1. Check Ser130 against each of (1) crowded, with 20+ Cβ neighbours inside 10 Å; (2) of a type in the set (Gly, Ala, Ser); (3) within 16 Å of the ligand (Cβ to nearest atom) and name the one condition it does not meet.
2. Quick one: how many residues across segment 172-182 are open to solvent by 20 Å² or more (accessible area, probe 1.4 Å) and either within 16 Å of the ligand (Cβ to nearest atom) or in contact with a Pro (Cβ under 9 Å, 6 or more places away or on another chain) (or both)?
3. Restricting to segment 211-231, name every residue that is within 9 Å of the ligand (Cβ to nearest atom), of a type in the set (Val, Ile, Thr) and at pLDDT below 95.
4. Exactly one of these conditions fails for Ile169: (1) away from the ligand (no atom under 16 Å from the Cβ); (2) in contact with a helix residue (DSSP H, G or I) (Cβ under 8 Å, 6 or more places away or on another chain); (3) part of a helix (DSSP H, G or I). Give me its number.
5. Quick check, is Ile143 open to solvent by less than 10 Å² (accessible area, probe 1.4 Å) and touching a Lys or Arg at 6+ places or on another chain (Cβ under 9 Å)?
6. Take the residues of segment 99-116 that are surrounded by 21 or more Cβ atoms within 10 Å (Cβ to Cβ) and of a type in the set (Val, Ile, Thr): which is farthest from the ligand (Cβ to nearest atom)?
7. Residues to consider are Val87, Val31, Val96; find the one that is surrounded by 20 or more Cβ atoms within 10 Å (Cβ to Cβ), away from the ligand (no atom under 13 Å from the Cβ) and modelled with pLDDT of 95 or more.
8. Hey, can you tell me all the residues within segment 183-210 that are open to solvent by 10 Å² or more (accessible area, probe 1.4 Å), assigned to a loop (DSSP other than H, G, I, E, B) and within 16 Å of the ligand (Cβ to nearest atom)?
Amino acid sequence: MNELDKRKREIEERIQAACDRAGRERSSVQVIAVTKSISTERTEEVVRAGYGQLGENRPEGLMEKGSHFPEKSVEWHFIGNVQSRRVKDILPHAQVIHSLQTMSVAKQIEKRAERVIDCFVQVNTSEEDSKSGLAIDEVKPFIEQLQSFERLRVVGLMTMAPFTKDEAIIRQTFRTLATLQREIEALQLQHAPCHFLSMGMSNDFEIAIEEGATHIRIGTALVGSESGGSV
Ligand SMILES: *Cc1c(COP(=O)(O)O)cnc(C)c1O
């Protein structure tokens, strides 16, 4: 068994255990394999290992890898900061954008997209200045302003936990996001079904699953890094 298969097996066991603890079905959690730190060749191995949802955080990485794989053979998730002038580069490749947080980007999507783009609104749940995302009380007004947009659907909320080893703090930020997601879902807005929660990375995905994550974004724990030995 190669390194990647070993990592995959271990992560799958941990996901299953977290689902069991939370009384959830494994099928309610989607793994996005974050390939931002590995080459296109190694990304191919990740796809062969069975991952069909891949994440990139820079337009360059998305464009390079996105055009390498046959259309529709994999689903690309854009997880990084989006600048409005780069929306045109992202749209041809990304099926899902996890990091919507400005009206100018939303307007670019509305103007340029040729189909409906599924977006997560990024929330700064830890309210650290260094983290991107909307403040908690900005999220509802922002989503309400998107009502007339026809090319953009708010499928959920996304966050990154603060950089800490304190599990209680991490858990609290995920809980805060889940509460907000349920509040928005309850509004039953046609353009914002908001059923999903994109939260949890290599270091905290088990806590995220316990708190309701539907999409976990796993990089290093699954794919390693280009400098960190073989896949
Ligand atoms: C890099 C990245 C990840 C994956 O991080 P790991 O710690 O390597 O699992 C997840 N989400 C976002 C937004 C990222 O930029």
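1. Every listed condition holds for Ser130 apart from (1).
2. Going through segment 172-182 one residue at a time, the tally reaches 0.
3. Matches in segment 211-231: Val223 only.
4. Status for Ile169: all satisfied but (2).
5. no
6. That would be Ile109.
7. Of Val87, Val31, Val96, the one residue that is surrounded by 20 or more Cβ atoms within 10 Å (Cβ to Cβ), away from the ligand (no atom under 13 Å from the Cβ) and modelled with pLDDT of 95 or more is Val87.
8. Met201, Ser202, Asn203, Asp204 - these are the residues of segment 183-210 that are open to solvent by 10 Å² or more (accessible area, probe 1.4 Å), assigned to a loop (DSSP other than H, G, I, E, B) and within 16 Å of the ligand (Cβ to nearest atom).
The values are calculated or read from the model by the stated rules, or taken from the named source; none is laboratory data. Only a predicted model underlies this, so the values are computations on that prediction, with no experimental measurement involved. Note that we place each Cβ from the backbone using ideal geometry, even for glycine, and neighbour counts take in every protein chain shown. The accessibility values were calculated without ligands, DNA or RNA, using every heavy atom of the protein model including side chains. Shrake-Rupley method; radii C 1.70, N 1.55, O 1.52, S 1.80 Å.
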